[in-house]
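> If you scroll down you'll find the structure; I have some questions about it.
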Amino acid sequence: MPVPKKRVSRTRRDKRRTHKKLSPVNLSRCPQCSEAMLPHRVCPSCGFYKDRTVIETES
């Protein structure tokens, strides 16, 4: 089984790991109730999407 001949330096290791990070969730405001929601999705609190009711919610 092959084994690395030289140890990987900290710089090289960290360069490899630069893409292993989480990006923050992008939230937008619902135009109907002003709650935070994911863009291009139905608002979970009021059920509106594109100026119409898609899901009936208890109010």
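> Using only alpha-carbon positions, what ratio does the radius of gyration of the chain give when scaled by 2.2 N^0.38 Å? If you can, show how the numbers build up before the last one.
Values: Rg = 22.9 Å, N = 59, 2.2 N^0.38 = 10.4 Å.
Dividing the Cα radius of gyration by 2.2 N^0.38 Å gives 2.21.
> Once you keep just the Cα pairs under 8 angstrom separated by 6 or more residues, what percentage relative contact order results for the chain?
Values: 43 pairs, mean separation 9.6, N = 59.
For the chain, the relative contact order is 16 percent.
> Ok, one more. Mind ranking 8-21, 42-55, 25-38 by how tightly packed they are, going by the mean number of other C-beta atoms within 10 angstrom, highest first?
On the way: 8-21: 8.5, 42-55: 14.1, 25-38: 12.1.
So the peptides 8-21, 42-55, 25-38, ranked by packing, come out 42-55, 25-38, 8-21.
> As a check on your grasp of the helix formula, calculate [θ] at 222 nm for the chain: sum -39500 (n - 2.57) over DSSP H runs of n ≥ 4, divide by the residue count, round to the nearest 500. Intermediate results must be reported in sequence, preceding the final value.
On the way: 1 runs with 7 residues, N = 59.
Result for the chain, helices only: -3000 deg cm²/dmol.
Every number here is computed from the coordinates shown, using simple stated rules; none is lab data. If you're wondering where the values come from, they're calculated on a predicted model, not measured in any experiment. Note: ideal-geometry Cβ built from the backbone for every residue, glycine included; neighbour counts use all protein chains shown.
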